[in-house]
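Okay, structure first, notes after.
The values are calculated or read from the model by the stated rules, or taken from the named source; none is laboratory data. Given the structure is predicted, the values throughout are model-derived calculations rather than measurements. Cβ: placed from backbone, ideal geometry, glycine included. Neighbour counts: every protein chain shown. When the accessible area is computed, the model is the full protein with side chains, heavy atoms only, and any ligands, DNA or RNA have been set aside. Shrake-Rupley method; radii C 1.70, N 1.55, O 1.52, S 1.80 Å.
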Amino acid sequence: QVQLVESGGGLVQPGGSLRLSCAASGSGFSISSMGWYRQAPGKQRELVASITSGGTTNYADFVKGRFTISRDNAKNTVYLQMNSLKPEDTAVYLCNAAARRNGWLYNYWGQGTQVTVSS
């Protein structure tokens, strides 16, 4: 199976920045896309940003101009640079990957990393 490990979360003040990383490990797979979702208490999980193996990106409206997603295909790692953070960005951020193994497409999730924006 594919394992996803997130890192980079923490506590920052409003207007601050964080960079999240997600590394995929395993064997016999090829990742087609990776992305970040977030979930705050009492709210639905929502897409933050995603990127395909070809570099096509997609962003939620509430992060456009503030967040940037990128990836290193050789390392099977995706990054989320978060700038101008707001208190409403506080949530658990989860890494997602769509990967093909033995001709089958699977969806994988990381455990999540906490991002807290507070003064």
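Worth a mention:
- Solvent-accessible area assigned to carbon and sulfur over the chain amounts to 46 percent, based on a 1.4 Å probe.
- Per residue accessible area in Å² of the chain, where ligands, DNA and RNA are left out and the probe is 1.4 Å: 54 Å²
- Taking G55, G65, G42 in turn, the Gaussian network model of the chain (Cα-Cα springs below 10 Å) assigns the largest fluctuation to G42.
- Each Lys and Arg adds +1 at its Cβ and each Asp and Glu adds -1 at its Cβ; summed about the Cα centre, the chain shows a dipole of about 140 debye.
- Residues in segment 37-51 carry Karplus couplings, in order, of 10, 9, 9, 9, x, x, 10, 6, 5, 9, 6, 9, 6, 9, 8 Hz; the curve used is 6.51 cos²θ - 1.76 cosθ + 1.60 with θ = phi - 60°, and Gly or Pro positions show x.
- Between segment 7-50 and segment 54-97, the alpha-carbon center distance in angstrom: 6 Å
- Subtracting the Cα-Cα distance of N58 and Q1 from 0.36 nm times their residue separation leaves 17.9 nm of extension gain.
- Projecting the Cα atoms of G112, T77, Y93 onto the dipole axis of segment 65-119, where Lys and Arg carry +1 and Asp and Glu carry -1 at the beta carbon, places T77 farthest toward the positive end.
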